[in-house]
1. Taking only C-alpha pairs under 8 Å that are 6+ residues apart, what is the relative contact order of the range 188-254 in percent?
2. Give, in nm to one decimal, the length gained when the segment between ILE21 and SER102 is fully stretched (0.36 nm per residue of separation minus the Cα-Cα distance).
3. In percent, what relative contact order does the range 60-255 have, based on Cα pairs under 8 Å that are 6 or more apart in sequence?
4. So, by mean Cβ neighbours within 10 angstrom, what's the order for 216-222, 49-55, 169-175 with the highest one leading?
5. State, in angstrom, two size descriptors of the range 147-259 derived from its alpha carbons: Rg to one decimal place and Dmax to the nearest whole number.
6. Taking amide H positions as placed in the peptide plane 1.01 Å from N, state which residues far from SER114 in sequence (5 or more) or on other chains have amide H under 5 Å from it.
7. So which of LYS190/LYS244; LYS190/LYS217; LYS190/LYS243; LYS180/LYS229; LYS105/LYS180; LYS105/LYS244 end up more than 30 Å apart by C-alpha?
8. Let me have the relative contact order for the range 155-233, percent, based on Cα pairs under 8 Å that are six or more residues apart.
Amino acid sequence: MCIDQVVGLVKDIVQILFWLIAALIACLSYRQAKKSIFQPAKNEVFKVQIDTLQSLLKNLNWKSSIEAWYDSGLATSAEISLGREFKRFAKDQFDADMASESEEKLVSVGMIVSPSASGFRLIKGPADQAEGDDEFDHEAFSWETYSWETFEVSREFQQVTDLIEHALSDPVLPLSVITKVELLRDELHKSAMRAAEDLEQTVREFPRHYPSKESLKSADLTWAHNMRKERGEELFKALIELKKAIREYLRSDELLGSK
């Protein structure tokens, strides 16, 4: 190979290396520029996420299952429902009108309807009996076999529900956190359903505890609250899972130097 050929080959190699290096530098410059352009936007989104998550946890600051039971509004919902059924029982069995001191403070803003709710039932009265035999033999309502059809929703319960629904509709929250918020929402509803089932068992005890109109004078429903099995345990567990997901997303342990 002559010198001219060697020189030409070297020039070609140098030129190829030049363009390869130029292409690499351009690629790296683009990636760096892309980071520089989008990093401020990512930082702003992250700030919004932190604000949203702080607001959510500030309102769901339950330290125990008992706090979850009360602060979620489940306790007031159960109390309103129990008071309503007790008043119905007293009126139905003894034509007595009952009232409680806390009745004005406990406000129902809606209700959960049982999946097995019948909607309507026929209550026979004097007019029905006067007509003689009825070709339809309807079973008489019995408090001993009471089945819940509606469960009252307190203002506090609705506020927590709205808070969770608002978080689910927030587009800035990461999917890993959204999934846990959905589980918390589902568990809140399940807890309410279990509280309604507790109500059902409690109401069935009314005839035994209050066999006469005279027994209503010293009515105390403390025993009814003690029968409750639902106390917010599963709801509190769902909140712990949400907090764990938030901590992992924010890498809180790494930032604080925890291992």
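Here, each number is a calculation from the coordinates, and none is a lab measurement. Here the structure is a predicted model, which is why all the values come from computation and not from measurement. Virtual Cβ from ideal backbone geometry, glycine too; neighbours counted across all protein chains shown.
1. Values: 21 pairs, mean separation 28.7, N = 67.
Computed value for the range 188-254: 43 percent relative contact order.
2. Details: separation 81, 0.36 × 81 = 29.16 nm, distance 7.98 nm.
Length gained between ILE21 and SER102: 21.2 nm.
3. Numbers: 192 pairs, mean separation 64.1, N = 196.
For the range 60-255, the relative contact order is 33 percent.
4. On the way: 216-222: 10.7, 49-55: 14.9, 169-175: 12.3.
Most protected by this proxy first, the peptides run 49-55, 169-175, 216-222.
5. Rg, Dmax (Cα atoms, Å): 20.0, 67.
6. Amide H neighbours of SER114, under 5 Å, 5+ apart: THR150, PHE151.
7. Details: LYS190/LYS244 21 Å; LYS190/LYS217 35 Å; LYS190/LYS243 20 Å; LYS180/LYS229 25 Å; LYS105/LYS180 33 Å; LYS105/LYS244 35 Å.
Beyond 30 Å between Cα atoms: LYS190/LYS217; LYS105/LYS180; LYS105/LYS244.
8. Values: 27 pairs, mean separation 22.7, N = 79.
RCO, the range 155-233: 29 percent.
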